[in-house]
Each structure stands twice: as structure tokens, then as C-alpha cells.
1. Given the condition among the small types (Gly, Ala, Ser) and closer than 25 Å to Ile160 by Cβ, answer yes or no: does some residue in the stretch 131-138 qualify?
2. Which pairs do you get when a residue that is within 14 Å of Lys246 (Cβ to Cβ), found in the stretch 286-315, comes within reach of a residue that is assigned to a helix (DSSP H, G or I), reach meaning Cβ atoms under 6 angstrom, with the pair 6+ apart or on two chains?
3. Taking Val187 and the conditions (1) modelled with pLDDT under 95; (2) outside any loop (DSSP other than H, G, I, E, B); (3) of a type in the set (A, V, I, L, M), which numbered condition does it fall short on, given that it satisfies the others?
4. List, please: which pairs have Cβ atoms under 8 Å, are six or more places apart or on different chains, and start with a residue in the stretch 118-145 that is farther than 21 Å from Lys22 by Cβ and hydroxyl-bearing (Ser, Thr, Tyr) and end with one that is surrounded by 16 or more Cβ atoms within 10 Å (Cβ to Cβ) and modelled with pLDDT of 95 or more?
5. Quick check: anything in the stretch 33-42 part of a loop (DSSP other than H, G, I, E, B), surrounded by fewer than 17 Cβ atoms within 10 Å (Cβ to Cβ) and modelled with pLDDT under 95?
6. Would you point out which residue out of Thr309, Thr248, Thr259 is in contact with a strand residue (DSSP E or B) (Cβ under 7 Å, 6 or more places away or on another chain), polar (S, T, N, Q) and either in a strand (DSSP E or B) or modelled with pLDDT under 95 (or both)?
7. Looking only at residues in the stretch 78-100 that are buried (at least 19 other Cβ atoms within 10 Å of the Cβ) and closer than 22 Å to Leu229 by Cβ, which one is farthest from the chain's Cα centre (by Cα)?
8. Select from the stretch 114-148 the residues that are basic (Lys, Arg) and exposed (fewer than 15 other Cβ atoms within 10 Å of the Cβ) and list them in ascending order.
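The values are calculated or read from the model by the stated rules, or taken from the named source; none is laboratory data. Fair warning: this is a prediction, and the values are worked out from it, not measured in the lab. FYI the Cβ positions are ideal-geometry reconstructions off the backbone, even for glycines, and counts take in every protein chain you see.
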Amino acid sequence: MEVIRGTTEFYIPEDTVVSLGKFDGIHRGHERLVECLKKKKKSGQKTVIFTFDAPPGRRICGEAPGRMLTTNAEKTNLFAAHGVDYLLECPFTEAIRQMEPEAFAEKIVNRLHVKGIVVGTDFRFGYRRRGDYRLLLRLADQYGYTVEAVDKVKENGREISSTYVREELLAGRIAHANELLGYCYFVQGTVVYGNQIGKKLLGVPTANLLPSEEKLLPPYGVYVTRTTLCSRPGQAYGGITNVGVKPTVEGENPVGIETHLFAFEDDIYGEECKVEFLTGVRPERRFDSLEELKQQMQKDIFYGINYYTNITNIC
């Protein structure tokens, strides 16, 4: 997959079919768009996902970071796995923000040689969100493309959306959030050196990730997880992961993700990995001593091994 970012003067020479949107989380509704996109393309055409490098709300209203289901790097990997040909992350500049929807559509169609467009029925674009799929339909004959407007995917009468996934994650309902996504919610990053408390004082070595400030995390607590290493494709390792600030450890600790991998002792510092959340174990809490924390961690590990060994419906 080719990634185009950092420019509003994007260009693709081949004929394309394009889907446009924010695509935060790439949940089951987004997956339907991608599948329709791939079905719509004809011989020689390329599939394109058009999105922005940051949510428009953040650029316009100064919304605080920390609310993204997927970082740009995670989004890139997910779309690559879906077999998309191009991912276009357009900078949300003031000029783009002020662009009327008709002008925006013309720019997209001409610079990307668009022959087909796939969008959700709730898709909005252009200045003050005045454009929608109906406008794209009205312009279709003029520019020579086709439009497919895809209805929202629903579960139990509610539309599956990034907002819905966020609600479930923040409520700690990991399994249901995973059902809405169609895959296990994950954090991707590089294993860094921690304070070595897990290994030296607790006898429980951990792989430490420092999540991006943009990344939405589940509530502070302990979770059963599955970890994959980029250097070892096809292999997965069960473990337990603590998300939080280590309240038992003295001092101010940054928000971190610490994963203990079952029956795993290799040195993986500096390696890129993905930690997928399967289910919650308990909330993070402060213990009166490190010894009390150690005893609880052994219980957490026992629970995690039993859960991971016996689970039959893993995402």
C-alpha cells in the first residue's frame, strides 16, 4: 500500500475508486465501506482511502488529544491489511476547511482520476459540512464517476460508530467493543526500558509501551492480552497487561502499558509490537506494599493463563 501524506497537492495518475471519511477505529461499518470499495473497482483501477491527518474538530476547535481509537500508524497498518492500494492523509489546512463542497469534490475527482466513490449515508464534507452523498450524486454525470452510498451497520438497532466503540471501551466492556470493531482493540508501539520494578522487585518481567497522547486507552486496570511482534509474524503470545500509572510505586509515573508475556523470557527491547485487549481482569489500585502487589500479580497471571488457554472465540 502506498501512503500519501503531508500535501494538499496530492495526485494519483491511475484511475481510482475512492472512499472518504474520518475512519477512526476502522470498525465493522468502515469494513463494509472498504469491501464495497474493492467490489466497485474495475480492471486497472486502484482503491483509495481519503482521510485527514487529524480530525477536523481538533484543528478547528482545538479539541484535546487522547480520543483516537487508532493512531495514524495503526490506521495505516489496518488499511494495508485490508488490501487498499492507497491511503491518502490530507492535511486539514485553513484552505481545505474553507473550501466549498463543490470545489472539494472537483479537486478530489480531477487529481485522483476518480471513477467511483463509496461513502456512508452520513458522510459530510466541505465548508460547514454542506456537502453530502446527494451532492456527489448530482455531480456524478458532470465528472463521469459513479456513487455508492452505504447504510450504517447496526447492532441491536443502534448504528455502529466510533462513538459507540469509545463508550464501550471507556466503560471497560472490552469484549463488546471488540465485537463492534470486528477485531481486538490494540495498542501498537515500541518496547522501551521501564523502571525494572516488575523484573527486579516483583519477579514479573514486563514489556513496556508508552502510548501516543492521541490514543484512547481503556480504563486503568489489568487485562488479558495477546501480543504479536513485528519481527515474528504469525506468532502470538498470551499475557496480562496493566494500563495505568503504577500507584503502588512511589513518584509520579507516566501513563504506561506494561505487559507480562506468559512463559516468555526473550529480550525484545526496541522491537515494534501490538498488544490486543481480550478481557478485563480488575481495576488498577494502590497496594499497601510491593509484596501485596506481587501476590495480586500472581493471581492475575493465573487468571490470565487460564483465560487465554481456554478461550475459544478469540478475535
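1. yes
2. Every condition considered, the pairs that remain are Phe287/Leu293; Leu290/Leu201.
3. (1)
4. Note: pairs meeting the criteria are Tyr143/Ala105; Tyr143/Val109; Tyr143/Val114; Tyr145/Val109; Tyr145/Val114; Tyr145/Lys115; Tyr145/Gly116; Tyr145/Ile117.
5. Taking the stretch 33-42 first, the residues part of a loop (DSSP other than H, G, I, E, B) are 41-42.
Add one more test, that the residue is surrounded by fewer than 17 Cβ atoms within 10 Å (Cβ to Cβ), and what stays is 42.
The next check asks that each one be modelled with pLDDT under 95; those that pass are 42.
For the stretch 33-42, residues part of a loop (DSSP other than H, G, I, E, B), surrounded by fewer than 17 Cβ atoms within 10 Å (Cβ to Cβ) and modelled with pLDDT under 95: present.
6. Numbers: Thr309 fails: in contact with a strand residue (DSSP E or B) (Cβ under 7 Å, 6 or more places away or on another chain); Thr248 fails: in contact with a strand residue (DSSP E or B) (Cβ under 7 Å, 6 or more places away or on another chain).
Of the residues listed, the single one that is in contact with a strand residue (DSSP E or B) (Cβ under 7 Å, 6 or more places away or on another chain), polar (S, T, N, Q) and either in a strand (DSSP E or B) or modelled with pLDDT under 95 (or both) is Thr259.
7. Across the stretch 78-100, the extreme among qualifying residues is Phe79.
8. Narrowing the stretch 114-148 to residues basic (Lys, Arg): 115, 124, 128-130, 134, 138.
Result: Arg128, Arg129, Arg130, Arg134, Arg138.
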